[in-house]
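Right, one structure below, let's go through it.
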Amino acid sequence: MAVDTKTMEMLQTAPDISEGLDLSWMDNTGERGMRAHPGRRGLTLEEINKGSYGVSPENAEDMTMAQRGSGRASGVPRIGYHVRKKSDIWSDNAAMLYEEAVQRQWSSATDIPWAELKPLPDDVERAYSQFCTFLTEVEFIAGDTPAYWLPQISNEHYEVKMFLASQIMDEARHLDVFRKRALANGGGLMSSSGNAGLRVIIEAKDFTEMSAIMHVQGEGLVQSIFRMGEYIATNEAEKRIFRLSAQDESRHVAFGVMHLKYILETEPERREEIHSYLEKAEPLIGAGGGSAPVAGGSPIFGASLGMLFGHSLGSQEEGGRMALAAFRRQLNEYMHRLEVAGMGERRYRLPAQIQAILDPPKN
Ligand SMILES: [Fe+2]
Ligand SMILES: [Fe+2]
């Protein structure tokens, strides 16, 4: 369609719209010209961590909203990212774990075959409810704690922030799936644990202290329990809950193990300090005592777990033996994770009651 004469006149007399505009922002860029292509797992963070965008600074100087690689603005307020040192928070697998978390999200509402739940004997249902009440408490702390640390970490170390964000989502799903299991079969919630072991996690003053106690120790112990889910599950719905939760939990543990490894390799002088954190938290493992030897120092959790094992194995005596075997397995796996992180010597500094249960070293 032809432009009419009146419009042509208006266009010719209209002021130049670029006149007076500040276009300096067009030159305030980070590196340009790089290309990223989807790899085997798609266009992951690792694929875009190219050139200067992939260089995670040892010290994040900028406390504003600026992200790694962007042009900087002057005169902008700080946000308060006080944890600025890479070694304080870094884990080489954070980006990969974030991508895996995003790709393996699941829904407790639709991915669990809830119709498989069947009425259980009253004592077994109560044990399941108690077990799930405790786990829900644990999952709250596992979400609250990274949520406390996330806003303190610099945007320059964004991979760690994104991993922590994915962990918070995972933990929300865990607490909701165990709460749903407690309520869905008529048992409801049972006793809160008032657990001191969980308080140690959220009271940690240093990120590495928190990560060693929560990711490596606490979540490692929970992960071992999830992996034994097939013994505790009474139907396919519960099996699926444990399988999917274990899959998530393995990421959280992997982050912590790799962070510990990173700090021990880059700042070996922190080794004794890390021992002191573990020394503080380890006595709380199994503090429930002989009849309730499980993580977290909760006798009622231990008792409920033993009853579930007993139901599955057809005898409470067998259940008690299995609970003890489960505790030994938890401790062996905890020790193995410390070995992978480079703290194998921890074996000889564990509390006596843990050393007594641990298998001897393999070599
Ligand atoms: Fe969890
Ligand atoms: Fe977790």
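A short reminder: the numbers here are calculations on the coordinates, not readings from a lab. Everything numeric here is computed off the predicted structure, so don't read it as measured data. Cβ atoms come from the backbone with ideal geometry, glycine included; neighbour counts cover every protein chain shown.
Descriptive notes on the structure:
- Near residue 38, once Lys and Arg are set to +1 and Asp and Glu to -1 for all other residues with Cβ below 13 Å from its Cβ, the sum equals 0.
- Taking Lys and Arg as +1 and Asp and Glu as -1, the other residues whose beta-carbon sits under 14 Å from that of residue 190 total -1.
- Anchor residue 161: lysines whose Cα lies under 30 Å away (excluding residues fewer than 8 positions away in-chain): 50, 85, 86, 180, 205, 261, 280
- Largest mean-square fluctuation among 88, 27, 111, in a Gaussian network model of the chain whose springs join Cα atoms under 10 Å apart, belongs to 27.
- Sum of side-chain charges, residue 66 neighbourhood, beta-carbon under 9 Å (Lys, Arg +1; Asp, Glu -1): 0
- The trypsin sites (Lys or Arg not before Pro) of the range 21-99 meeting both criteria, a DSSP state outside H, G, I, E and B (loop) and at most 14 other C-beta atoms within 10 angstrom of the site's C-beta, are 32, 35, 40, 41, 50, 72, 78.
- Mean ellipticity per residue at 222 nm, deg cm²/dmol - from DSSP H runs of n ≥ 4 across the chain, formula -39500 (n - 2.57): -17000 deg cm²/dmol
- Each of residue 25 and residue 103 was given a label point 7 Å from its Cα along the Cα-to-Cβ line. The distance between the two points is 3.5 nm.
- Label-point gap, in nm, between residue 92 and residue 76 - each point 7 angstrom along Cα→Cβ: 3.2 nm
- Counting beta carbons within 10 Å around each of 202, 354 and listing the fewest first gives the order 202, 354.
- Straight-line reach from residue 362: taking Cα to Cα under 19 Å and skipping same-chain neighbours fewer than 8 places apart, no lysines fall in range.
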